[in-house]
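Here, each number is a calculation from the coordinates, and none is a lab measurement. All values reported here derive from a predicted model rather than from experimental measurement. In this analysis, Cβ positions are derived from the backbone assuming ideal geometry, glycine residues included, and neighbour counts consider all displayed protein chains.
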Amino acid sequence: MGEIAEHLREIRERIAQAAVRAGRDPKTVRLVAVSKTKPAAAIAEAFACGQVIFGENYVQELVTKQPELPAEISWHFIGSLQSNKVRQIAGKVDLVHSVDRPSLAREIDRQWGALGKVCDILVQVNISREETKGGTSSEELLDLVREVAQLPHIKVKGLMTMPPFFDDPEGARPYFRKLRELADEVREAAIPGVEMLELSMGMSGDFEAAIEEGATLVRVGSALFGERQYH
């Protein structure tokens with residue numbers, strides 16, 4: 001068994017255990033393998049082991065790797081997305097995790113609309129208010145969701161957040177809990193066309209706490225592929 005296969009087995013086991021601890025069905029949590037800076041060969045290896053969803057942070061990397069890999073891969077865009085790069089990934093990703101402003105949503109709507117398709121998105125919330133992170137504020141979330149929900153080629157499927165970094169994963173737990181509470185608020189607002197099905201939260205160091213707080217998508221990179229190599 002290769003290293004990636006072994007890591008994948010361990011991560012799946014940890015996901016299942018965290019779900020069971022929270023009284024959840026492990027099938028309600030899906031792993032997004034974060035493949036930024038990783039070669040197509042590593043992604044192909046993980047795919048061969050049954051991993052289907054891969055998350056990319058950079059448009060150029062995604063469009064370069066995608067043609068080299070099996071068409072059955074489900075690509076998610078999880079990084080900060082500039083409006084002028086949307087056209088390059090239109091129709092090529094199944095979920096955009098990082099919509100945080102009306103202008104970006106409108107451009108996604110325009111580009112997917114040109115293809116006659118609908119883009120599933122998550123609204124990113126910057127709960128910690130860190131300046132280095134994208135995301136709308138908790139206070140502006142409902143207004144943004146209402147605005148985005150009116151766009152015909154976008155479907156709001158849930159929320160995403162990135163908590164501050166903590167050595168102890170317990171430090172991130174209140175941020176995960178807050179995202180779940182915000183999703184409940186959006187759900188209660190009963191905005192037409194909006195579904196709070198997905199909570200994208202938790203990474204290599206804290207995904208178990210995220211699952212215990214309700215994550216449906218966990219974004220794991222280094223625990224699966226090893227530490228990133230930056231050129």
Could you grab the relative contact order for the chain? Cα pairs under 8 Å, six or more apart, rounded to a whole percent. 21
Quick check: net charge around K155, other residues with Cβ under 12 Å of its Cβ, Lys/Arg +1 and Asp/Glu -1? -3
Of A172, A105, A41, which has the largest mean-square fluctuation in a 10 Å C-alpha GNM of the chain? A41
State the extension gain, in nm to one decimal, for the chain segment bounded by R87 and V63, taking 0.36 nm per residue of separation less the distance between their alpha-carbons. 7.5 nm
For region 5-113, which GluC sites (Glu not before Pro) are both in a DSSP coil and crowded by at most 16 other Cβ atoms within 10 Å? E72
For n ≥ 4 DSSP H runs only, could you compute -39500 (n - 2.57) per run for the chain, divide by its residues and tell me the 222 nm figure to the nearest 500? -11000 deg cm²/dmol
Taking a 25 Å limit on the Cα-Cα distance, which of the listed pairs K85/K157; K65/K178; K36/K178; K85/K155; K38/K157; K117/K178 fall beyond it? K65/K178; K36/K178; K38/K157; K117/K178
Starting from the Cα of E188, step 7 Å along the direction of its Cβ; do the same at E139; then give the gap between the two resulting points in nm. 1.9
Using the alpha-carbon centroid of each, what span in Å lies between region 81-134 and region 14-50? 23
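Chymotrypsin sites (Phe, Trp or Tyr not before Pro), restricted to region 168-231: which are DSSP loop and have at most 13 other Cβ atoms within 10 Å?
Y230
What length, rounded to one decimal in nm, is gained on full extension from A40 through to V20, with 0.36 nm per residue of separation minus their alpha-carbon distance?
That pair, A40 and V20, stretches by 3.9 nm at full extension.
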